[in-house]
């Protein structure tokens with residue numbers, strides 16, 4: 001089954017590495033903007049969460065066609081960004097997901113699995 005979003009989330013910067021995180025944030029936004037410009041992804045939204053006592057404080061929601069997202073996830077540029085982020089962020093997570101029309105497809109499959 002396909003996925004049409006990437007959820008790229010984090011908790012916080014590792015103490016002492018905040019400036020590295022700030023610069024990498026700018027670099028990652030530039031990378032995503034170039035993917036939009038070159039039609040690699042449809043769009044992206046960076047989101048900062050208000051303090052809530054949890055362990056997720058921000059994320060990027062990256063939207064695109066499943067095949068293109070798969071290609072991006074295996075690219076040298078993407079893997080480099082993940083490696084860099086893992087060196088200065090706590091709680092880094094990268095997860096594929098579904099939105100829009102794919103939700104209907106998933107819900108139909110899910111309801112078929114409910115025992116009678």
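Computed from the coordinates by the stated procedures, all read-outs in this text should not be read as laboratory data. Please read all numbers here as calculations on a predicted model, not as lab measurements. Here Cβ is always computed from backbone atoms with ideal geometry, including for glycine, and neighbour counts include all displayed protein chains.
In what order do 78, 110 fall by count of nearby beta-carbon atoms within 10 Å, going from fewest to most?
Starting with the residue having the fewest Cβ neighbours, the order is 110, 78.
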Quick one: helix 101-112 against the long Cα principal axis of the chain, what's the angle to the nearest 10°, folded into 0 to 90? 50 degrees
Within 10 Å of each residue's Cβ, count the other Cβ atoms and sort 80, 111 from fewest upward. 111, 80
For the chain, with a Gaussian network of springs between Cα atoms less than 10 Å apart, report the residue from 31, 44, 60 with the top mean-square fluctuation. 31
Just subtract the alpha-carbon distance of residue 92 and residue 34 from 0.36 nm times their residue separation and send over the number in nm, one decimal. 18.6 nm
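Rg/Rh for the chain: what does it come to with C-alpha atoms and Rh from Kirkwood?
Result: Rg/Rh = 1.03.
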Whole-Å distance linking the alpha carbon centroid of the stretch 3-21 with that of the stretch 22-38 is 14 Å
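For a quick check: sort 109, 61 by the number of other beta carbons within 10 angstrom, fewest at the front. Each step should come with its number before you reach the end.
Working: 109 10, 61 16.
Ordered by Cβ neighbours within 10 Å, fewest first: 109, 61.
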Helical contribution to [θ] at 222 nm, DSSP H n ≥ 4, -39,500 (n - 2.57), averaged over the chain, rounded to 500: -14500 deg cm²/dmol
